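The values are calculated or read from the model by the stated rules, or taken from the named source; none is laboratory data. Computed from a prediction, not measured in an experiment: that's the story for all the values here. Please note: Cβ atoms are built from the backbone with ideal geometry, for glycine as well, and neighbour counts cover all protein chains shown.
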Amino acid sequence: MPLRKDFLWGGATAANQCEGAYNEGGRGLANVDVIPHGSERWAVVSGNRRMLDFEEGYYYPAKQAIDFYHHYKEDIRLFGEMGFKTYRMSIAWSRIYPQGDEEQPNEEGLRFYEEVFRECHRYGIEPLVTITHFDCPMHLIKAYGGWRNPKLVTFYKRLVTTLFTRYKGLVHYWLTFNEINVLLHGSIMGAGICFEPDEDRFKTLYTAAHHELVASAWAVKIGHEIDPENKLGCMLAAGSYYPYSCKPEDVFAAQQENHKNYFFIDVQSRGAYPAYALKEFERHHFELPMSEEEKKLLKENTVDFISFSYYSSRVASSDPQLQGEGNMMKGVKNPYLEASQWGWQIDPLGLRITMNELYDRYQKPLFIVENGLGAVDVPDENGEIQDDYRIEYLRAHIQAMKEAVEQDGIDLLGYTTWGPIDLVSAGTGEMSKRYGFIYVDRDDFGQGTLQRFKKKSFAWYKKVIASNG
Ligand code: BG6
């Protein structure tokens, strides 16, 4: 079976990494605005360094990012020129509810996204919308402690009700939380949580996870009630863990790591907490704060499809001395694979392996919503970017994806590359880690004209889409 005729080819971005205009249109401050570029970024992301406001001496790349807010028409026109069938983007929560807990939404924010969606439809592009991509209004962090607090579920319900009502007919594909499993590693991005000294982190993280899982089930329920045409998906930072060797302890270590990630999708897709998680909670003396109503809600409102990002496979070992690279989740180095300039290992077959694991486990349609190569692009003597390395990476992954569909029989809805236009890196805050088919003239410190121009890969991807792979 070849790729579906209506296969959703496209690209994916996130509000905080491209929009900028952090204080325009009535938008409120969010966690993602105050994450700096530079050596302290990771400490802030992981919730270990408290930075809940702008501080002197730091550069905050999300403030302006690539200014999609003012360039969206030009950018969507270029996506249309490449033949995109879908454009995955996210809503900035604090544009819709600037503080997060208001009763009424901010009309200017709602209008902005409505115009973006209408612009997409002008080119026959179906929006695929991530409701939360690492963002949380700052007020919800300061006043409520982020997703630790069950009140966030109420505010999220209000947000999704507003979105599904306002954009009925304009948007049909929704993702409830970007890379929900990242919550365990980058707590400020995943859950708006900055740890208190001596806090029981296990308890805090799994309490926040429970609130997000309940919120996600509400989104599925409300989304289907408002428009039965809506398709709601979960989103996993995927990439299966391989055992470092066939030593049973390594195989077991890989299985344990995979459980940590599947845990979220097990709940979102199967509708109940898996036994291995309940046992782990027992060992940590953690009592899951779940009501009977929530249990029923989770059971009855599972997702329609499983979306995921894939950049690399991972390796687990029983030897704690072994360490590796990655933006949020570190794995052991795989001696059989080459790596990107940022140390991310390149494994196209791993994509097929991951797809098979997810499909075997959930038996629901899959959607690859992020894949790509972050690389330094240097213009040649004519000022052009000959990004053959990016083409090579994507070609190999698209090939593996097609094999998973054609030879393994996996039902796949679509494929969106990460960052079809250069944007700010989530992991490092850099602009120089570029993923795009479209170059944006801006550097790591906010200098540059913001002018857009096409790289060599632009015409290549256009051909991939026109020929359906
Ligand atoms: C995923 C995120 O983790 O990977 C994106 O959903 C992120 O927000 C992407 O940008 C690539 O990671 P990085 O660190 O290279 O930007």
Subject >> Candidate set from the stretch 417-433 (those that are under 15 Å from residue 376 (Cβ atoms), touching a residue at least 60 places away in the same chain (Cβ under 8 Å) and more than 10 Å from the ligand (Cβ to nearest atom)); member that is farthest from the chain's Cα centre (by Cα) >> reply: 431
**OP:** Please enumerate the residues belonging to the stretch 119-135 that are within 16 Å of the ligand (Cβ to nearest atom) and either part of a loop (DSSP other than H, G, I, E, B) or in contact with a Pro (Cβ under 6 Å, 6 or more places away or on another chain) (or both).
**Re:** 133, 134, 135
**OP:** Could you grab me the full set of residues in the stretch 4-14 that are more than 10 Å from the ligand (Cβ to nearest atom) and of a type in the set (Gly, Ala, Ser)?
**Re:** 10, 11
**OP:** State yes or no: is residue 186 over 22 Å from residue 353 (Cβ atoms) and within 16 Å of the ligand (Cβ to nearest atom)?
**Re:** yes
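Output the residues belonging to the stretch 165-179 that are closer than 25 Å to residue 102 by Cα and under 20 Å from the mean Cα position of the chain (by Cα). Spell out how you get there, then give the answer.
Our first condition is that a residue be closer than 25 Å to residue 102 by Cα; within the stretch 165-179, this holds for 165-168, 170-171, 174-178.
Hits for the stretch 165-179 are 171, 174, 175, 176, 177, 178.
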Original post:
Among (1) more than 21 Å from residue 95 (Cβ to Cβ); (2) within 16 Å of the ligand (Cβ to nearest atom); (3) polar (S, T, N, Q), where does residue 149 come up short?
Top reply: (2)
**OP:** State which residue is surrounded by the most Cβ atoms within 10 Å (Cβ to Cβ) when the search covers only the stretch 370-388 and only residues that are within 15 Å of residue 421 (Cα to Cα) and hydrophobic (A, V, I, L, M, F, W, C).
**Re:** 373
**OP:** Kindly indicate the residue of the stretch 317-352 that is more than 19 Å from the chain's Cα centre (by Cα), farther than 27 Å from residue 402 by Cα and of a type in the set (A, V, I, L, M, F, W, C) and also modelled with the highest pLDDT among those meeting that condition.
**Re:** 332
**OP:** Could you check, for the stretch 401-410, whether at least one of its residues is under 21 Å from the mean Cα position of the chain (by Cα) and more than 16 Å from the ligand (Cβ to nearest atom)?
**Re:** yes
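Find the residue count for the stretch 360-385, including only residues that are closer than 30 Å to residue 405 by Cβ and either part of a loop (DSSP other than H, G, I, E, B) or more than 16 Å from the ligand (Cβ to nearest atom) (or both).
Filtering the stretch 360-385 for residues closer than 30 Å to residue 405 by Cβ gives 360-375.
From what's left, either part of a loop (DSSP other than H, G, I, E, B) or more than 16 Å from the ligand (Cβ to nearest atom) (or both): 360-366, 371-374.
Residues in the stretch 360-385 being closer than 30 Å to residue 405 by Cβ and either part of a loop (DSSP other than H, G, I, E, B) or more than 16 Å from the ligand (Cβ to nearest atom) (or both): 11 in total.
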Original post:
Across the stretch 287-301, what is the total count of residues that are more than 10 Å from residue 214 (Cα to Cα), touching a residue at least 40 places away in the same chain (Cβ under 8 Å) and in a loop (DSSP other than H, G, I, E, B)?
Top reply: 2
Original post:
Can you find a residue in the stretch 165-181 that is hydrophobic (A, V, I, L, M, F, W, C), more than 16 Å from the ligand (Cβ to nearest atom) and part of a helix (DSSP H, G or I)?
Top reply: no
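Go through the stretch 15-32 and count every residue that is within 16 Å of the ligand (Cβ to nearest atom) and part of a loop (DSSP other than H, G, I, E, B).
Initial filter on the stretch 15-32 (within 16 Å of the ligand (Cβ to nearest atom)): 15-20, 30-32.
Checking which are part of a loop (DSSP other than H, G, I, E, B) leaves us with 19-20.
Going through the stretch 15-32 one residue at a time, the tally reaches 2.
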Original post:
Among the residues of the stretch 238-277 satisfying the criterion of being more than 26 Å from the chain's Cα centre (by Cα) and in a helix (DSSP H, G or I), which is nearest to residue 149 (Cα to Cα)?
Top reply: 275
Original post:
Taking the stretch 71-124 as the search range and keeping residues that are within 23 Å of residue 439 (Cα to Cα) and hydroxyl-bearing (Ser, Thr, Tyr), which one is surrounded by the fewest Cβ atoms within 10 Å (Cβ to Cβ)?
Top reply: 123
